[in-house]
Each structure stands twice: as structure tokens, then as C-alpha cells.
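*Asks:* Below is one structure. I have some questions about it.
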Amino acid sequence: AEYTDIMKKENIEDIVALLPMQQSFLWHSLQVDAASSVLQLRCTFRGNISIEHLKLAWGKVVQKHQSLRSSIHWESVKKPIQVIHKQVPNDISLINAISDSGNDNALAQYLKQDRGQKLDLTTAPAYRIALFQTRADTCEVIWTLSHVLLDGWSCAVVVNDWVKIYSDLVLQDESVTTPGYLLSEYTRWIGS
């Protein structure tokens, strides 16, 4: 479902202060060019890939991890904050389906062009995901995000969750996705 006004009060789950490390990443991202302020992850899925299951699994991951439903705000507030939304659009783009041997060039061009685009941190989701199905049995996933949302360790946790949920969906395993940790609990725990 599309959400025309994601900042509606009834769609806000929580508002938390940015952690000190997030604040430093935010400050850095505001000082540099787009290419220096984004993290671009590339994952390769091999086998009989179901694009629909990949999208569905990502939606479940987004519901599990509050950071993926967050927007960041620093203007007109005393301290930078993270607004956690209940729902965000599941925007995954299928950029290039199997067509010809030029897919590798199209992927390389996309990676370069995407790296040069700034992310709008004030709008959730504050990341981009693109899928390239380069061969019948190969799908490249490009996830572009800011360190303000997640650090490298957390990205690995999210990708592992995505792969697990995707596998469960493909195998029609009805296992329950465990809820993620609440950012407000972590913020209280570290004393921010």
C-alpha cells in the first residue's frame, strides 16, 4: 500500500533522539558529497529466484526493524531525532530484467549513477533498493542507505533476516518472524 502522507500522526510509532554515533554520521553526511555519504551494499541471489518473494520478505524485514521505517530530522528541532513510522512504502524497483548480455554494463552504470544521488533522510524509507535480474538464475540486489540508519554490523543482521524470511516464504514455512529491538529501549539503555 502507498502512504501519501507518511508523517501523519496516526502513522508515527515513536520518536527517539539520534544516538551519538548517528549524530556524527548525520553531521558528516551533511558536509560531503552524495557519493561519500551513502553505503551501497550489493547482494547476489542465485537459483530459482522469486522476485515477488524477495519483495514480500523485504516488507517483513522492514516491519521487524524500526530503523528501516525511520526518517531523520535535524532542522527546527533542538536535537536531531528519528521518527519511526508504523508503515512505509515497500519501494523495491526491478530496474532491469533479463534481456541481453548488456546487463553487466547496465548494472555498472546504475551503481555509479545511484552512488551519486543523495538520500532524502527526512522521508521514510530513507534508503533505495534495486533488483537486477542479470540471468535466469541470478538476481543482484543493490541496497543504498546511510550510516545514519544502520551501521555495518546491523546491515549484516538485516540481510541475514531477509535471506531467512525469503527462504521461509519460498519453502512455505510458516515460522514466525521474531520482533526486532525497539530503538527507544536501546536509547534508554545507553542513557541518551
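The values are calculated or read from the model by the stated rules, or taken from the named source; none is laboratory data. As the structure is a computational prediction, the values presented were derived from the model and not from experiment. Every residue, glycine among them, receives a Cβ derived from its backbone with ideal geometry; neighbour counts consider all protein chains shown. Surface accessibility is based on the protein's heavy atoms, side chains included, excluding ligands, DNA and RNA. Shrake-Rupley method; radii C 1.70, N 1.55, O 1.52, S 1.80 Å.
*Asks:* Does the range 1-57 hold any residues that are at pLDDT below 85, open to solvent by 50 Å² or more (accessible area, probe 1.4 Å) and not in a loop (DSSP other than H, G, I, E, B), and which are they?
*Replies:* Matches in the range 1-57: SER36 only.
*Asks:* Same structure again: How many of the residues making up the range 113-171 are in contact with a strand residue (DSSP E or B) (Cβ under 7 Å, 6 or more places away or on another chain) and part of a strand (DSSP E or B)?
*Replies:* Of the residues in that region, 15 qualify.
*Asks:* Now a separate question. Does VAL88 fit the bill of being under 18 Å from ASP161 (Cβ atoms) and either crowded, with 16+ Cβ neighbours inside 10 Å or under 14 Å from the mean Cα position of the chain (by Cα) (or both)?
*Replies:* yes
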